[in-house]
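Participant: Pasting a structure below so you can have a look.
Every number in this text was worked out from the coordinates using simple rules, so none of it is lab data. The structure displayed is predicted, hence computed values, not measured ones. Positions of Cβ are generated from backbone atoms using ideal geometry, with glycine treated the same way; all protein chains shown enter the neighbour counts.
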Amino acid sequence: MAVKAPTPDAISTILANPSPDTSSEMPDIVVQVLDLNAKGNRYMFTASDGKKKLKGILPSHITPQVISGDIQNLGLIRILDYSLNDIPSKSEKYVIVTKCETVSPPLEVEIKEEIKSEGVGILLKPKQEDEIKSEVKRADAGVFLKPKQEIISKSAAQIVHEQHGNMAPAGRMAMTRRVHPLVSLNPYQGSWTIKVRVTNKGNMRTYKNARGEGCVFNVELTDEEGTQIQATMFNEAARKFYDKFELGKVYYISKGTLKVANKQFKTVQNDYEMTLNENSEVEEVSSEAAFVPETKFNFVPIDMLGPYVSGKELVDVVGVVQSVSPTMSIRRKSNNETIPKRDITIADESKKTVVVSLWNELATTVGQQLLDIADQSPVVAIKSLKVGDFQGLSLSTLSRSMLMVNPDIPEAKNLKSWFDSEGKEASLASVGSGMSPSARNGARSMYSDRVSLSHITENPSLGDDKPVYFSIRAYISFIKPDQTMWYRACKTCNKKVTEAIGSGYWCEGCQKNDEECCLRHAYSYLYILVIKASDASGEAYVSAFNDEAERIIGCSADELNTLKQEVGEDNMFEQKLKQATWVPHLFRVSVSQNEYNNEKRQRLTVRAIAPVDYAAESKFLLEEISKMRA
């Protein structure tokens, strides 16, 4: 027979047992759901047993049950696991339901048990059929209930205590530790202990800010239910726990704090993030076998990366390696520190390629492995990449990024099969060069923050702290013909080569002469072009590098250099420059500050360029007009 009423004294049972142990037998707790309403991605409600009420929360992992209609207002649910917490600055408590099941659809009314004392018994007023029907016996004085204590004659705490006494010493030790599921944690909780596996461990990083220097590292933790949370440790805590946390091992963790997760830095799906300090407790669970869990990817096709450019969201990609550069040394402007970098180019079934910059250990370890097997076209799966707009679009690893070579996953096998059958013969193009302001690949880059040139030139402080990015629509009004438009480049690292002593050329980047570091075959010159851009509000000089300059001029730097060497009245060099002027373009530009003769100046650099799509441009202008009228 279906349950039509809450469990008698269910709220009292919850209040008496704020931290039930689900490993022992739980008392049956059925409550009626009242005042159900959404708060963010979770739901608040009031739990009622007919006599008492208690405020409650249904966390985000139970939200689908509410949305699907399984849990409704006035319905009955059976609480299978919970934790009882205090509300800060208030004397009341609330229950966080971490596991429940639906018992009954919505009843017609709220169940209320109106009672009053009478003699030796309790007089119960008549109820509707949908309300509580208790087992009773009749007497002349009225209707008497059997003592309710029989129903819950043993509280959960009493049951735990009895079982605790009958267990072996090892079992008693295990039961003294109340383990909370990750979904039940929140910033308002008091003491808690979690049992989690380390599923990802970041590198130790150093930082410097106004308060001084420090170090920090992160781990991703997963409990037995699959819920994840990111934990961060700074300075003393980082040094204390960095060697203790090992990938794949299981730990008991307590005395940490929680706060709302910063979306810019979070790597897991959780509303909160954890911070551990030097007083936090981390204890390895030696009885649990260590294993490295399967990494979960959410791959984004290369041709769909455009909307992520310069955004906060990280992406995962899978691709076939097309080329691997040697290791380069990059000097940081912030602290003058030299760090290793290596670029790899990957492609996927969209027939697009993208450059991925590997930094630090990934550049020197896995990067070297890829260089050694590059001729075998290995498949790489990379997690947590930042999407930038260098050369239109590029990817870059972070300290938390993970790279797997030839992983045993379906996506990698399918990609390898495609490449072997048709991909190696296909014509591949850079995703940056195909960036269009229409469709989904790049629409946000060209239209999300459109400004006029005067907005940039009349604000000289723009880009003072760090580069800022804007989109502009402008004409190229002038290209100075006698400027230095290109440089001779190394085919391996694209850096400038200079004439070596005696003969040949020397590459500073590769530290090799021209016998080992040959000049680029197809493009022995790369552009470093300065143009004047104009719109209705004003004009500004803008720098454009090779890929963007090629789309402006319409030919490679090597071809333009050949035209310049030609002599005669019909000089095609100047004709080529003239053809490139007064053509409208959509530009994505960065604005930064450069110091020249102790004077700061704005520098505008083209990061992406696309022809004007007049249909998309008209739509954009109509939307802007609508905003002005609103």
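Participant: Quick one: net charge around residue 358, please, counting Lys, Arg +1 and Asp, Glu -1 for every other residue with C-beta under 11 Å from its C-beta.
Facilitator: Net charge around residue 358: 0.
Participant: Could you check the spin-label model distance between residue 304 and residue 209? Points 7 Å from the Cα along Cα→Cβ, value in nm.
Facilitator: Rounded to a tenth, the inter-label distance reads 3.5 nm.
Participant: Right, something else. Over 20 Å between C-alpha atoms is what I'm after, so list which of 386/413; 341/386; 532/576; 351/491; 351/413 land there.
Facilitator: 386/413; 351/491
Participant: What FRET efficiency comes out for residue 406 versus residue 108 if R0 is 56 angstrom and r is the Cβ-Cβ distance? Round to the nearest 0.05.
Facilitator: The pair residue 406/residue 108 has a calculated efficiency of 0.35.
Participant: What FRET efficiency comes out for residue 583 versus residue 506 if R0 is 45 angstrom and r is the Cβ-Cβ distance? Round to the nearest 0.05.
Facilitator: That pair, residue 583 with residue 506, gives E of 0.70.
Participant: OK, next. Would you be so kind as to identify which of 320, 402, 277 lies farthest towards the positive end of the dipole of the range 268-417, taking Lys and Arg as +1 and Asp and Glu as -1 on Cβ and the Cα centre as origin?
Facilitator: 320
Participant: As a quick test, which of the pairs 208/259; 4/195; 39/249; 383/424 have an alpha carbon distance above 30 angstrom in this structure?
Facilitator: Correct reply: 4/195; 39/249.
Participant: What distance in nm lies between label points placed 7 Å from Cα along the C-beta direction at residue 457 and residue 37?
Facilitator: 5.5 nm
Participant: Still on this model: How much length, in nm to one decimal, is gained on full extension between residue 16 and residue 574, taken as 0.36 nm per residue of separation minus their Cα-Cα distance?
Facilitator: Length difference between fully extended and current span is 192.0 nm.
Participant: Also, quick follow-up: Can you give me the distance in nm between label points at residue 295 and residue 369, each placed 7 Å from the Cα along the Cα-to-Cβ direction?
Facilitator: It works out to 1.0 nm between the two label points.
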